[in-house]
Structures are given as C-alpha cells and as structure tokens.
1. Full extension from SER30 to GLU125: what is 0.36 nm times the residue separation minus their Cα-Cα distance, to one decimal in nm?
2. Indicate the gyration tensor shape class of segment 77-155 (rounded, prolate or oblate), computed on the Cα atoms with a ≥ b ≥ c the square roots of the eigenvalues: a/c under 1.5 is rounded; otherwise a/b larger than b/c is prolate and the rest oblate.
3. Applying the Karplus parametrisation 6.51 cos²θ - 1.76 cosθ + 1.60 with θ = phi - 60° to the phi angles of segment 34-39, what ³J(HN,Hα) value in whole Hz is obtained for each residue in order, glycine and proline being reported as x?
4. If you add up the charges near PHE152, with Lys and Arg at +1 and Asp and Glu at -1, over every other residue whose beta carbon is less than 15 angstrom from its beta carbon, what do you get?
5. Rg and Dmax of the chain over Cα atoms: what are they, in angstrom?
6. Determine the gain in length on full extension of the stretch ALA82-PHE167; use 0.36 nm per residue of separation and subtract their C-alpha separation, reporting nm with one decimal.
7. Please give the per residue accessible area of the chain, computed with a probe of 1.4 Å over protein heavy atoms only, in Å².
8. Report, to the nearest 10°, how far helix 6-28 tilts away from the longest principal axis of the Cα atoms in the chain, using its own Cα long axis and a range of 0 to 90°.
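The values are calculated or read from the model by the stated rules, or taken from the named source; none is laboratory data. Just so we're clear, the structure is a prediction, and the values are computed from it rather than from any experiment. Note: ideal-geometry Cβ built from the backbone for every residue, glycine included; neighbour counts use all protein chains shown. Each accessible area value is taken on the protein alone, full model and side chains, heavy atoms only, with ligands, DNA and RNA left out. Shrake-Rupley method; radii C 1.70, N 1.55, O 1.52, S 1.80 Å.
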Amino acid sequence: MVRMSAEERRESIVRAAMSEFARGGYYGTSTEAIAKRVGVSQPYLFRLFPGKQAIFLAAAERCIEETIRTFEEAAEGLAGDAARHAMGHTYSEVIMERPERLLMQMQMYLTVGAAEQAGDREFGELVRAGWMRLWDTVHLLGGGNITETGDFMAKGMLINTLVAMGFPPGHRVWEGVYGTGRP
C-alpha cells in the first residue's frame, strides 16, 4: 500500500470535511467524524490543521473555489447575458447533481451568522473575503454591470434556497425563476 503525502492527506481531509460540514454544519460536526471518514486519528488531523475552525475554513475555501471554477468554465468565450445565462444554467445543474456543494454553501452562511452573534467577527471576515472573490468573478465574467451582478447573485440565492428545500423540477415555484416549471 502506498502512503499518502501530508498534502494528499490534507486534501482528503478537506474533501471529507466538506461532506461532513455540509450534512452537520460547523457546530454539529465533530473533528472525530472527519478523522474517522478519512481514516486518520484526531491528533494527526490537528498536525495538518490547527483546529476545527481551520478545517471548516479550508472546506469553505474549497467550496468557493469550485464554484468560481464552475462559473469560469461555463462562461469561457462568452460575455454579458450569454455568460450569465451559461453560469446560471451550469451552476443549477451542479447543485442538483452534487447537493453537498450547495449544502456546504448554506452551512457557510449559517456559521458566519452564528459566529457574528457570538461576537466572532474574524471568522465571518474570512468567509466573506472568499464570497467577495465569487462576487467579483461573476461581476467580471458577466460584463461588469453591478445591477446585473446583483440580480444574478440574488437569483442564485433563490435557486439555492429552493433546491435546499427540495422543490422538485416542474414544481410551480420554479416558474418565478425560469418562466417555466423546469430548472
């Protein structure tokens, strides 16, 4: 059996953390569950990450980077409305096919809100910085119009909410998003 390098093990921990945090949230997920999913001990986990918050932030960063990459690939060679349409369509497909990514995003927002309520502004600043990279990517790829960027992101949040709540394709609620009953 080939041993994994620390970087490969770190990568497997981030992937496992995304799955665990997506399901259980920050406060409901133990580092023990993440370590067990990867097949390492908790002490080894903490040799690679200084604590649970660092693991969550690495998973949040990965989630944001994957979403940015999704948008960039979808918009390649396109501009303006065509780019926004391609990004929106591809994103909708991704979150329906890989709900863990959507759930991780939702957990990021909840965790920041809870941390802010507890007086932890630093945690929120780190997640917001990643989200701003996402905003800036959409803004640039979509043509640089602030109103259109805001509309795109707002519609995306509506889609996130409807998918997270389990509204099936064809349900009448989707007509307000797409003009038809199909996402």
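1. Between SER30 and GLU125, full extension yields an extra 31.9 nm.
2. Judged from the Cα gyration tensor, segment 77-155 comes out oblate (a/c at least 1.5, b/c at or above a/b).
3. Result, ordered by residue: 5, 4, 4, 4, 8, x Hz.
4. Counting the neighbours of PHE152, the net charge comes to -3.
5. Rg, Dmax (Cα atoms, Å): 17.8, 54.
6. Taking ALA82 through PHE167 to full extension adds about 28.0 nm, to one decimal.
7. 55
8. Orientation of helix 6-28: about 70 degrees from the principal axis.
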